[in-house]
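**Student:** The following block contains the structure, expressed as structure tokens.
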Ligand code: AMP
Ligand code: GLY
């Protein structure tokens, strides 16, 4: 199997290393990659967010599988173009990637699928924002509706700061999602989906705020570890049944099946598990830790997902040791 991995980060490097351990993978290519990746496999200097360039490279390499790492190429329709050109692609269509691309869309799908999540309002002006903030009370949670690389969310006790963030989003022509605060630790669970069937990976925890003692603003993630020995027994199965399966089923019913990683960002609250957000891809930096422990060949797994051939009974093989990474 000849694989092409799109994306420039540590996550893509971790995916590539896992492919190199798969005996059925004969060749791995990266685009655009980075200096570290270039020490392991050939890198190709293209704009991986451009559907035409990505498709041309996949053709030139005669790739058997294309894996898309980050959200930007997904939302730009790179997987649609590759699929149309006849490639096996691991990564959702632009329409399905809206689960990550629009927080308002994700809330809508969760409501339709009865997935447990924070109560929320979409606000498009200051009056609506104020009403929503007052309904939920402090701590306030205000989210830019569009893609913001983990930096569009403000969680604060300060009502003025919450309103200022909402106003900045309105000024940029956007809307915000304002929601109730979820207490309790966060968990990242990656669920492989072939559009119909789902297979969860080992849960991880990632730490979002920069600076010691969580004193800085949110980031995309400052570090991660896995597994999580403190999770209640049956947690992963509960998330599969209450979150992943209904969401994947709903996306298929809508005519936009989700093929790729459904990244469930969860809060383990005093009232049970709640979805904080969905992403449409592997998480960074969680993937570096999670894939370090995966012994099941990744190429075969992702190719099966790309072809709609995941079988839910598959037992994945994990190194029992803990993996940690720091950004
Ligand atoms: P998101 O982009 O939606 O994942 O939000 C980024 C981060 O903001 C999350 O990882 C949480 O740490 C925090 N956050 C988001 N929504 C909530 C919420 N409803 N309650 C508490 N914290 C939240
Ligand atoms: N580490 C969180 C994310 O990838 O969005």
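**Student:** Restricting the count to DSSP beta bridges whose residues both fall in the chain, what percent are antiparallel, rounded to a multiple of 5?
**Tutor:** Around 75 percent antiparallel, to the nearest 5.
**Student:** Can you give me the distance in nm between label points at residue 161 and residue 322, each placed 7 Å from the Cα along the Cα-to-Cβ direction?
**Tutor:** 3.0
**Student:** Continuing with the same structure: Of the peptides 64-74, 200-210, how do they stack up when ordered by the mean number of other Cβ atoms within 10 Å, highest first?
**Tutor:** 64-74, 200-210
**Student:** Evaluate the Debye formula for segment 106-242 with equal point scatterers sitting on the alpha carbons, no solvent, and hand back log10 of I(q)/I(0) at q = 0.10, 0.14, 0.19, 0.22 Å⁻¹, in q order, two decimals.
**Tutor:** -0.40, -0.79, -1.25, -1.39
**Student:** Let me ask another. Would you kindly compute the Cα radius of gyration of segment 235-327 and its largest Cα-Cα separation (Dmax), both in Å?
**Tutor:** According to the Cα coordinates of segment 235-327, Rg and Dmax are 14.5, 40 Å.
**Student:** Remind me, relative contact order of segment 232-310 in percent, using alpha carbon pairs under 8 angstrom and six or more residues apart?
**Tutor:** It comes to 21 percent, rounded to a whole number.
**Student:** Give me the percent relative contact order of the chain, please, defined on Cα pairs under 8 angstrom at least 6 residues apart.
**Tutor:** Contact order relative to length: 20 percent.
**Student:** Moving on. For segment 183-221 and segment 34-105, compute the distance between their C-alpha centroids and round to whole Å.
**Tutor:** Here the answer is 22 Å between Cα centres.
**Student:** Could you let me know the centre-to-centre spacing of segment 292-321 and segment 149-181, using Cα atoms, in angstrom?
**Tutor:** One Cα centre to the other: 38 Å.
**Student:** Percent of alpha carbon pairs in segment 1-121 separated by more than 26 Å?
**Tutor:** 27
**Student:** Per-residue ellipticity at 222 nm for the chain, helices alone: DSSP H runs ≥ 4 residues times -39500 (n - 2.57), over residue total, nearest 500 deg cm²/dmol?
**Tutor:** Roughly -8500 deg cm²/dmol at 222 nm, from the helical runs in the chain.
**Student:** Along each principal axis of its Cα atoms, how long is the chain end to end? Whole angstroms, biggest number first, please.
**Tutor:** Ordered largest first, the chain gives principal extents of 57, 43, 42 Å.
**Student:** Something else now. Hey, for a label at residue 252 modelled as a point 7 Å past Cα toward Cβ, could you say which residues of segment 291-327 have their backbone N under 13 Å away?
**Tutor:** Only 308-312 pass the distance filter.
**Student:** Shifting gears a bit: According to a simple spin-label model (label point 7 Å from Cα along Cα-to-Cβ), what is the distance in nm between residue 209 and residue 40?
**Tutor:** 3.2
**Student:** Oh, and also: What fraction of the Cα pairs in segment 57-117, stated in percent, has a spacing above 18 angstrom?
**Tutor:** So the pairs more than 18 Å apart make up 43 percent of the total in segment 57-117.
**Student:** Same structure again: What does the highest-first list of 95-104, 134-143 look like by mean Cβ count within 10 Å?
**Tutor:** Output ranking for 95-104, 134-143: 95-104, 134-143.
Each value in this text was obtained by applying a stated rule to the coordinates, not by laboratory testing. These figures come from a predicted structure and were not determined experimentally. In this analysis, Cβ positions are derived from the backbone assuming ideal geometry, glycine residues included, and neighbour counts consider all displayed protein chains.
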